[in-house]
Amino acid sequence: MNDLPDTLRHPNPVDLHVGARIRMRRKILGVSQERLAEDLGLTFQQIQKYERGANRVSASKLYEIAKSLRSSVAYFFEGLADTASEGMAEGGEGFVHDFLMTPEGLELASLFPRITKPKVRRRILELVRSMADDEDVGDDEA
C-alpha cells in the first residue's frame, strides 16, 4: 500500500498542462528534446520530465523555454483557465496531456484547426466517436 498523498503520486494538473504545451510547441517547430535541452543547458531527460509533468518548471526556466521556442510565457498557460472553469483541472486534464503526448494526437491537434468547413469537422468527429464506440464494444466482448 502506498501512503503517499495524492499530490505526491500524481503530477499537478497545471504541470501536466504546461508540459503538454512545451511538447506541442517544440514539435510544431520541429525541435528535438536534445536540441531544446542543449539550448537550456539541461539533459534531454529533464525536458522529458518537464513535458510529462513529472518535474515542475520554474518561472526562470519557463522564461528560457519560451525564448528558445519563440513564444510567450503565457502560451504555455493558454487553455488552462478553460479547463479549470469546466472542472477538468481537478481530474480531466490528464486526457488532454495523454492525447498530446502521442505523435498521432499531436499531429491531429495541429491539423484539425486547418479544416475550415464545419461540416467536414463534424464528420471527422462523428467518425472518431464511432471508432471509439467500436473500441468500447470490443472491450466488452473480450
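Okay, here's what the table says:
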{"item": "Residue check, A81 part of a helix (DSSP H, G or I), out of contact with any Asp or Glu (no Cβ under 8 Å at 6 or more places or on another chain) and either at pLDDT 95 or above or over 25 Å from L111 (Cα atoms) (or both)", "result": "no"}
{"item": "Residue, farthest from D98 (Cα to Cα), within the stretch 36-71, restricted to residues that are aromatic (F, W, Y) and loosely packed, with under 15 Cβ neighbours inside 10 Å", "result": "Y63"}
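The values are calculated or read from the model by the stated rules, or taken from the named source; none is laboratory data. Just so we're clear, the structure is a prediction, and the values are computed from it rather than from any experiment. Here Cβ is always computed from backbone atoms with ideal geometry, including for glycine, and neighbour counts include all displayed protein chains.
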